[in-house]
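The values are calculated or read from the model by the stated rules, or taken from the named source; none is laboratory data. Nothing here was measured: the structure is a model prediction, and the numbers come from that model. Neighbour counts run over all protein chains shown; Cβ positions are idealised from the backbone, glycine included. Please note that ligands, DNA and RNA were not included when accessible areas were found on the heavy atoms of the full protein model with its side chains. Shrake-Rupley method; radii C 1.70, N 1.55, O 1.52, S 1.80 Å.
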Amino acid sequence: NFQDATPVKLSAIQEEQKQIWEAWKEANNRFDEEKLPELKKLANGKAGKWNLPANLEPNAVMPFYWGSKGDNEPEGGYPFYLYTHGSGPKDAEWATGLKICQIFDDAPSVYFIPQIPNMGNYYRWWQKSKQYAWEKLLRLALVTGKINPNKVYVFGISEGGYGSQRLASFYADYLAGAGPMAGGEPLKNAPVENCRNIAFSFLTGAKDFGFYRNKLTQYTKDEFEKLQKQAPESFIHRIELIPEMGHGIDYRKTTPWLKQYNRNPYPKFVSWENFEMDGLYRKGFYNLVVKERSNDNDQSRTYYEMNIKGNEITLKVDVVTYKTIEKDPNWGIELKFEKSYQPATKGKVVIYLNEELVDLNKKVILTVNGKKAFAGKVKPELQNMVNSCATFFDPARLYPAAIEVDIANLK
């Protein structure tokens with residue numbers, strides 16, 4: 001954690017952000033690691049590979065294609081798609097990925113098409129070795145300067161549909177949209193609340209009965225519709241059970257729908273259920289960073305809801321627990337849940353702020369769980385920009401100001 005409380009004038013924020021991002025790029029370029037290869041045409045089929053850390057998954061090598069489509073790099077950078085393949089033989093699945101991704105109507109674009117490192121019942125796109133790969137991918141793609149940070153998408157088919165649904169909920173703050181196909185996660189694995197500010201496409205065959213994919217897709221649709229009724233602008237989605245289709249559907253519909261949407265990196269209403277994925281938690285989400293979770297263990301989760309109106313910020317922090325209300329009799333798959341919420345009594349969270357979220361010239365009032373936690377001007381400081389850069393490695397999220405809250409000390 002970088003400590004330097006040097007105040008920054010409001011007029012100098014943009015210049016400081018630029019310098020910090022340049023320094024970050026330079027540090028990444030100097031760092032000794034396997035990089036992304038030079039960006040060439042996807043049609044050339046040029047492959048790279050990364051060795052994933054052995055402590056996260058032994059003998060895990062992830063080959064990948066990394067390439068562009070279309071003639072010219074758009075102003076502001078390329079839209080960027082991560083495609084996750086299905087669970088057939090991995091060489092064939094990877095080759096199919098390269099073939100089909102070239103026909104999708106989304107150029108100009110850049111693709112990262114990985115091959116899953118290992119096969120078998122215990123290898124999934126959301127496990128910690130793969131999380132390492134996705135975070136490295138985002139970090140390296142964003143420092144190339146060739147990717148539009150507000151046009152990042154994840155999508156996939158079958159096993160890759162499950163993977164992209166989980167990744168969408170876990171990494172929504174980086175995404176403009178997500179497009180699982182022929183999947184269907186129980187919503188405990190991919191809370192819909194986290195997808196509040198992204199565009200979400202989900203296509204499954206109506207007769208895709210395997211592992212209750214059609215039923216679980218319907219439950220996801222129901223939840224999106226329920227939340228969209230409460231917040232009409234916030235849960236953009238297209239979720240369809242395609243009549244008469246089984247596990248094979250038309251895969252060409254997803255990226256043309258996704259490509260029309262951009263990320264808003266500064267939503268004023270954020271809902272985040274901080275769930276663990278293969279034992280790991282995110283450090284932060286949009287402009288929130290967790291110093292200490294409010295839940296004791298993975299039997300419960302911490303749920304954050306931030307709402308900014310003018311210069312008034314309301315933060316609700318709850319501990320959420322799940323109760324299974326529907327279980328499949330054959331495999332014991334938990335299909336449906338009820339959630340209950342209790343106001344958190346402990347936990348530490350940092351709320352990062354910038355000019356897009358509040359007026360930094362004026363007093364900010366922060367209320368947490370109904371109690372006033374802060375009232376006054378927030379000071380732009382160098383350390384906030386450096387620390388948020390290191391946390392999110394996102395050129396849009398170098399926040400100049402921050403308020404830290406210790407929930408146990410709220411009076």
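If you go through segment 50-87, how many residues are part of a strand (DSSP E or B) and charged (D, E, K, R)? Let's see the steps before the verdict.
Pass one, segment 50-87, residues part of a strand (DSSP E or B): 50-51, 61-69, 78-84.
Those left that are additionally charged (D, E, K, R): 69.
Selection size over segment 50-87: 1.
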When you scan segment 300-411 for strands (runs of 3 or more DSSP E) that lie fully inside it, which ones turn up with 2 or more residues that are open to solvent by less than 20 Å² (accessible area, probe 1.4 Å)? 301-309, 312-327, 348-353, 364-368, 401-406
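Could you please let me know if Ile308 is touching a residue at least 40 places away in the same chain (Cβ under 8 Å), over 22 Å from the mean Cα position of the chain (by Cα) and within 19 Å of Asn369 (Cα to Cα)?
On the way: touching a residue at least 40 places away in the same chain (Cβ under 8 Å): yes; over 22 Å from the mean Cα position of the chain (by Cα): no; within 19 Å of Asn369 (Cα to Cα): yes.
The answer is no for Ile308.
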Taking interchain pairs and intrachain pairs at least six residues apart, which have beta carbon atoms under 6 angstrom, with the first residue in segment 45-56 and without any contact (Cβ under 8 Å) to a residue 40 or more places away in the chain and the second assigned to a loop (DSSP other than H, G, I, E, B)? Gly48/Pro37
Checking Tyr153, Tyr132 in turn, the sole residue that is open to solvent by less than 30 Å² (accessible area, probe 1.4 Å), at pLDDT 95 or above and closer than 30 Å to Val289 by Cα turns out to be Tyr153
Subset of segment 200-259 (residues that are under 19 Å from Gly86 (Cβ atoms), aromatic (Phe, Trp, Tyr) and assigned to a helix (DSSP H, G or I)): Phe211, Tyr212, Tyr251
In segment 176-196, what residues are open to solvent by less than 10 Å² (accessible area, probe 1.4 Å), farther than 16 Å from Glu240 by Cα and part of a loop (DSSP other than H, G, I, E, B)? Ala176, Ala190, Pro191
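Quick grid of which residues meet (1) modelled with pLDDT of 95 or more; (2) crowded, with 21+ Cβ neighbours inside 10 Å; (3) more than 21 Å from the chain's Cα centre (by Cα):
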residue: Ile198; (1), (2), (3): yes, yes, no
residue: Thr204; (1), (2), (3): yes, yes, yes
residue: Lys207; (1), (2), (3): yes, no, yes
residue: Glu225; (1), (2), (3): yes, no, no
residue: Trp257; (1), (2), (3): yes, no, no
residue: Tyr261; (1), (2), (3): yes, no, no
Can you work out which of the residues in segment 146-175 that are in a loop (DSSP other than H, G, I, E, B) and either closer than 20 Å to Thr391 by Cβ or basic (Lys, Arg) (or both) is farthest from the chain's Cα centre (by Cα)? Lys146
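Pull up segment 263-272, narrow it to residues that are aromatic (Phe, Trp, Tyr) and open to solvent by 10 Å² or more (accessible area, probe 1.4 Å), then point me to the one that is farthest from Val152 (Cα to Cα). If you could, list the steps in order and put the result at the bottom.
If we filter segment 263-272 for residues that are aromatic (Phe, Trp, Tyr), which is where we start, we get 266, 269, 272.
Adding the requirement that they be open to solvent by 10 Å² or more (accessible area, probe 1.4 Å) leaves 266, 269.
Values: Tyr266: 15, Phe269: 20 Å.
Looking at the filtered set, the residue picked out is Phe269.
Any chance you could count how many residues in segment 46-86 are among the aliphatic types (A, V, I, L, M), within 17 Å of Thr255 (Cα to Cα) and either in contact with a Cys (Cβ under 7 Å, 6 or more places away or on another chain) or open to solvent by 50 Å² or more (accessible area, probe 1.4 Å) (or both)? Break it down into steps so the answer makes sense when it comes.
Step one: filter segment 46-86 for residues among the aliphatic types (A, V, I, L, M), giving 47, 52, 54, 56, 60-62, 82.
From what's left, within 17 Å of Thr255 (Cα to Cα): 82.
If we keep only those that are either in contact with a Cys (Cβ under 7 Å, 6 or more places away or on another chain) or open to solvent by 50 Å² or more (accessible area, probe 1.4 Å) (or both) too, we end up with none.
Final tally of qualifying residues: 0.
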In segment 88-109, what residues are farther than 23 Å from Arg124 by Cβ and either part of a helix (DSSP H, G or I) or open to solvent by less than 70 Å² (accessible area, probe 1.4 Å) (or both)? Lys99, Gln102, Ile103, Phe104, Asp106, Ala107, Pro108, Ser109
Restricted to segment 23-45, and to residues that are part of a helix (DSSP H, G or I) and within 19 Å of Ala390 (Cα to Cα), which residue is most open to solvent (accessible area, probe 1.4 Å)? Arg30
